[in-house]
1. Out of all the residues in region 150-176, which are free of Cβ contacts under 8 Å to residues at least 60 places away in the same chain, on the phi < 0 side of the Ramachandran plot and out of contact with any helix residue (DSSP H, G or I) (no Cβ under 6 Å at 6 or more places or on another chain)?
2. Looking for whichever is surrounded by fewer than 18 Cβ atoms within 10 Å (Cβ to Cβ), over 20 Å from residue 190 (Cα atoms) and out of contact with any strand residue (DSSP E or B) (no Cβ under 9 Å at 6 or more places or on another chain) here; the options are 115, 119, 85. Which one fits?
3. Only one residue in 121, 86 is in contact (Cβ under 8 Å) with a residue 40 or more places away in the chain, within 27 Å of residue 20 (Cα to Cα) and out of contact with any helix residue (DSSP H, G or I) (no Cβ under 6 Å at 6 or more places or on another chain). Which one?
4. Run residue 22 past the list (1) in a loop (DSSP other than H, G, I, E, B); (2) under 21 Å from the mean Cα position of the chain (by Cα) and report the number of the one that doesn't hold.
5. If residue 198 passes every condition in (1) under 24 Å from residue 111 (Cα atoms); (2) surrounded by fewer than 19 Cβ atoms within 10 Å (Cβ to Cβ); (3) touching a strand residue (DSSP E or B) at 6+ places or on another chain (Cβ under 8 Å) but one, which one does it miss?
6. Does residue 30 satisfy being part of a helix (DSSP H, G or I), at pLDDT 95 or above, under 30 Å from residue 180 (Cβ atoms) and out of contact with any strand residue (DSSP E or B) (no Cβ under 6 Å at 6 or more places or on another chain)?
7. I'd like to verify a number: residues in region 54-82 that are surrounded by 15 or more Cβ atoms within 10 Å (Cβ to Cβ) and outside any helix (DSSP H, G or I), how many?
8. Would you check if there is a residue in region 136-149 being surrounded by 17 or more Cβ atoms within 10 Å (Cβ to Cβ) and assigned to a loop (DSSP other than H, G, I, E, B)?
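The values are calculated or read from the model by the stated rules, or taken from the named source; none is laboratory data. What you see is a predicted model; the values in this text were computed from it and never measured. Positions of Cβ are backbone-derived with ideal geometry, glycine not excepted, and every protein chain shown enters the neighbour counts.
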């Protein structure tokens, strides 16, 4: 084994499944059965990330190319399952059984980039309705300092660069089929009724404390 490959393998990671069972029978309009089934799917993404990551330990680097190679295939599937795990973790952790209206500080920041809070919500709903199999994401843009709503199809298609996710809404049918069939609009209403605006505000504050690495530095 080459020294380079050995160093890479020493840094390989394993994901642990996070426990979101505290939500199962607590949310308004999202049933325990729906959440249990959804959580099982999340656990599979974690398991597949670990499986693919483990296979990369023995992949032949010398055959890597853009047409087809085991290395390329594994890396593509690693990204799919990595995002599948993380986006689900952010989704579950921005749901709450103790709903509170957004604080004024969060509203004020949102209203710098939207006409008002309701305009932001309507834009978020539109992003959710427009997502095919994927996600609607409110994100902070480190380059512009602005907040926008984004659409991510699948887990690793149309993922915006240099964006800090603030609020994640799962719009795959597996997130709502048990409760709402194909009525995505009703599910989005239920999601917003359980949105953890405190978590969103905390993520925003974290983003604001992070240095914009695109800025030139003389240090």
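1. Across region 150-176, the qualifying residues are 150, 153, 157, 160, 161, 163, 172, 173.
2. On the way: 119 fails: over 20 Å from residue 190 (Cα atoms); 85 fails: surrounded by fewer than 18 Cβ atoms within 10 Å (Cβ to Cβ).
Answer to the selection: 115.
3. Values: 86 fails: in contact (Cβ under 8 Å) with a residue 40 or more places away in the chain.
121 is the lone residue from the list that is in contact (Cβ under 8 Å) with a residue 40 or more places away in the chain, within 27 Å of residue 20 (Cα to Cα) and out of contact with any helix residue (DSSP H, G or I) (no Cβ under 6 Å at 6 or more places or on another chain).
4. For residue 22, the exception is condition (1).
5. It fails just one condition, (3).
6. Details: part of a helix (DSSP H, G or I): no; at pLDDT 95 or above: yes; under 30 Å from residue 180 (Cβ atoms): yes; out of contact with any strand residue (DSSP E or B) (no Cβ under 6 Å at 6 or more places or on another chain): yes.
Taking the combined requirement at face value, the residue does not satisfy it.
7. Total meeting the criteria: 2.
8. Keep residues of region 136-149 that are surrounded by 17 or more Cβ atoms within 10 Å (Cβ to Cβ), which gives 136-142, 147-149.
Those left that are additionally assigned to a loop (DSSP other than H, G, I, E, B): 142.
Yes - at least one qualifying residue is present in region 136-149.
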